[in-house]
Ligand code: BTN
């Protein structure tokens, strides 16, 4: 795979050196992506004390930030990196779906890009991988707005409409496992034309936000959340997850046909489903769930 073409902007430790613990400026090469000013240096400054070889890279276009980091990891590039794309030509979603990051919009305030797309890649050695995708989703909603909810395992919803999606992939290289955590967040309010369920945009809640500001808000907190997950696993996040659980108390249908009432998640992040056959645990990332009933009243929430 050749280098993606076009202008790009990076911030990171000087090439060929190992970052010391402080007091250095990041190097910057290339041009900024188009007319958009990305807070690459500010993010790098916030993250490098936690991840000394961390770098930030912004590309005007790539097929998919996840695909690009997976290719790089397979080629042996295992340093932690934040890769942002102003446009993806082949964005990918969960369960083999595509992710359309160039959603046309009629939102007149969308003077930058309508959808923020980025991937964070880093080698991880967690005690237990289960619940990582929930931990990532939780960090994103907690960084953004109290009204945002999570639809298990990690879709971000506003009221009953999807606002953001997360795709986590891993690759083993030599004795390391590299995780690529891809996030797509609708900033502008997307057009609903041709879609079964209208999506949501962050500007419905935060009219002044644009993609660079959202990136600066979510990434440092996300790195910290991942590091806490590596150390402590999902169990301490169970209660905070329940506070954001869109599905709790609702009747669901799983893509494998199972129907039941959602009862939150267990300490590993598995979905608990109260069915006619008793309480079932849904762990497979290959299962998607769909609410059948309207939201539960506040009194039913845990
Ligand atoms: C989903 O909702 O199914 C997950 C969508 C994930 C989209 C993001 S955008 C950045 C990264 N690159 C991709 O190709 N996918 C993820």
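What the table below lists for this structure:
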read-out: Those residues of segment 79-88 which are more than 8 Å from the ligand (Cβ to nearest atom) and within 15 Å of residue 183 (Cα to Cα), in sequence order; value: 81, 82, 83, 84, 86, 87
read-out: The one condition in (1) part of a strand (DSSP E or B); (2) surrounded by fewer than 22 Cβ atoms within 10 Å (Cβ to Cβ); (3) more than 11 Å from the ligand (Cβ to nearest atom) that residue 178 fails to fulfil; value: (2)
read-out: All positions within segment 96-123 that are under 23 Å from residue 136 (Cβ atoms), assigned to a loop (DSSP other than H, G, I, E, B), modelled with pLDDT of 65 or more and more than 8 Å from the ligand (Cβ to nearest atom); value: 100, 113, 114
read-out: Verdict on residue 257 being part of a loop (DSSP other than H, G, I, E, B) and free of Cβ contacts under 8 Å to residues at least 12 places away in the same chain; value: yes
read-out: Evaluation of residue 141 against (1) outside any helix (DSSP H, G or I); (2) within 11 Å of the chain's Cα centre (by Cα); (3) buried (at least 24 other Cβ atoms within 10 Å of the Cβ) (one fails), failing number; value: (1)
read-out: Exclusive hit being in a loop (DSSP other than H, G, I, E, B) and closer than 24 Å to residue 243 by Cα, set 164, 192, 200, 135; value: 200
read-out: Selection count, segment 60-76, where residues are in a loop (DSSP other than H, G, I, E, B) and farther than 20 Å from residue 40 by Cα; value: 3
read-out: Of all residues making up segment 53-78, the number that are crowded, with 19+ Cβ neighbours inside 10 Å, farther than 16 Å from residue 168 by Cβ and near the ligand (Cβ under 10 Å from one of its atoms); value: 1
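Results for (1) surrounded by fewer than 24 Cβ atoms within 10 Å (Cβ to Cβ); (2) within 14 Å of the ligand (Cβ to nearest atom), shown as yes or no for each residue.
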{"site": "146", "(1), (2)": "yes, no"}
{"site": "149", "(1), (2)": "yes, no"}
{"site": "152", "(1), (2)": "no, yes"}
{"site": "159", "(1), (2)": "yes, no"}
{"site": "162", "(1), (2)": "yes, yes"}
{"site": "182", "(1), (2)": "no, yes"}
{"site": "186", "(1), (2)": "no, yes"}
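The values are calculated or read from the model by the stated rules, or taken from the named source; none is laboratory data. The shown structure was predicted, so the numbers you read here are calculated from the model rather than taken from an experiment. So basically every Cβ, Gly included, is an ideal-geometry build from the backbone, and we count neighbours across all protein chains shown.
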